[in-house]
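Read-outs throughout are calculated quantities, based only on the coordinates presented, and are distinct from any laboratory measurement. Predicted, not measured: the structure shown is a model, and the values here were computed from it. Heads up, the Cβs are rebuilt from the backbone with ideal geometry, glycines too, and the neighbour counts pull from every protein chain shown.
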Amino acid sequence: MQATLALEDGRFFTGEGYGAPGECLGEVVFNTSLTGYQEIATDPSYAGQIVVLTNPQIGNYGTNQADNEAAKPYIEGLIVREFSAVSSNWRSEQVTDEYMERYKVPVLAEIDTRALVRHLRTHGVMRGVISTAETNVEKLVAKARSIRRMDGTDLARVVSTKTSFAFDDADVRNQTSDKLLRGTNPEESGKPLLHVVAYDFGIKLNILRMLTRESCRVTVVPAETRADEVLALKPDGVFLSNGPGDPEPVDYAVKAIQEMMGRTPIFGICLGHQLTGLALGGKTYKLKFGHHGGNHPVKNLTNGKVEITAHNHNFAVDPESINANEVELTHVDLNDNTLEGLRHKTLPLFSVQYHPEAAPGPHDSQYLFRDFRKMMDEWKG
């Protein structure tokens, strides 16, 4: 079937449609990862977005339940150069085309993704529509211009769990054939079991696996949970998850972080990092085309080492807005000098913008979960 992408500035691309027929709307962003298309599709941080993948062939190794980062895909739509009609991998449980159709995700293929990515890099991310039903480009462009902008939009409360739930080593979602992703049995680790309360702003499954790998049982709570409710659970530490949308409207979480600072160790990732920056009195801003991919070089300013990291964010913390007397800037992106990490100088609190839990990788930054564990052990005494 024929499918068309129309952008708000009038640029359009026509190609072949796969996955679910119909229409999808969202902010169009590009991701430079070579592998991990299923993990990208199921990352709740992509809610409200149509994702362009720069790797030319997508879908060739199929899909399976073990690679999901959430129960279902959260991307609005997918754009690729070539979409494989078959899967060639022993782990595959379902052809990618069928998987996308099953979860109502439209896929646009056989377009010049290089031209599209260059357009987005030059002009910035913009709103767009993929349609297999409408062929009138002017109507599609008008529809793209009517989409709500990501700026000022709180999507964390939309994707968050509605009720608390527990996750530990025995959870069936923690069972995977990949030893790098599998949690460690607390009895075998020799470490005492600690209790982490994790805010779900769009939490990824592998974050929960990495926490259990450090001998933690996790209580996942909704995004709007108050600080007093979290502290009543007597956590050994609090985790602030990744998530979609603009951090500034998530003022309820900023308030909760401020009330918990100094009362329990806190570790934030991605949106959790941005909310931490706001809680510390900083400001955030939107990047021109965001950071999306599994190959971003980040320098650890505390030891001078460079880590290859996975990114998925559209907003960043302004380093000039952070109080240098209280907060140490710990990581910086070597591509554009974006702030990628911070740590409070006196309180047990640190955060990073990128994804140390990245699946399928890279794994350079997994030490941060060990640092969190160490911080909780020291706080506990």
key: Interchain or long-range residues, amide H under 5 Å from Leu287's placed H   = Phe315, Ala316
request  = Give me the percent of DSSP beta bridges within the stretch 2-145 that run antiparallel, rounded to the nearest 5.
outcome  = 60 percent
query = Out of Leu275, Asn64, Ala198, whose Cα points farthest toward the positive end of the dipole of the chain (charges: +1 Lys, Arg; -1 Asp, Glu; placed on Cβ)?
reply = Leu275
inquiry  = Using square roots of five times the C-alpha gyration tensor eigenvalues, list the equivalent-ellipsoid semi-axes of the stretch 1-135 in whole Å, biggest first.
reply    = 22, 15, 14
ask   = Once you charge only the Cβ atoms, +1 for Lys and Arg and -1 for Asp and Glu, what is the size of the charge dipole of the stretch 238-371 about its Cα centre, to the nearest 20 debye?
value = 160 debye
query = Which aspartates and glutamates have a Cα less than 12 Å from the Cα of Lys204, not counting those fewer than 8 places away in the same chain?
reply = Glu39, Asp43, Asp67, Glu69, Glu357
note = So for the stretch 156-380, using the alpha carbon gyration tensor with a ≥ b ≥ c as root eigenvalues (a/c under 1.5 gives rounded; past that, a/b versus b/c decides prolate or oblate), I'd call it rounded
key: Violating pairs (Cα-Cα greater than 24 angstrom) within the set Lys283/Lys345; Lys299/Lys345; Lys191/Lys299; Lys72/Lys143; Lys234/Lys255; Lys72/Lys286   = Lys191/Lys299; Lys72/Lys143; Lys72/Lys286
task = Using packing as a proxy for protection, rank 268-277, 194-203, 357-366, 254-263 so that the peptide with the highest average count of other Cβ atoms within 10 Å comes first.
result = 268-277, 194-203, 357-366, 254-263
task = With everything on Cα atoms, drop me the angle between helix 251-260 and the longest principal axis of the chain, reported from 0 to 90° to the nearest 10.
result = 20 degrees
query = Which lysines, on any chain, are close to Lys139 with Cα under 25 Å apart, when same-chain ones fewer than 8 places away are left out?
reply = Lys104
ask   = Computed from these coordinates, which is percent of Cα pairs over 33 Å apart: (1) 28; (2) 55; (3) 43?
value = (1)
key: GNM flexibility winner over the chain from Asp171, Asp151, Asp336 (Cα, springs under 10 Å)   = Asp336
remark   = In degrees, nearest 10, the alpha-carbon axis of helix 113-123 is tilted away from the dominant principal axis of the alpha carbons of the chain by 60 degrees
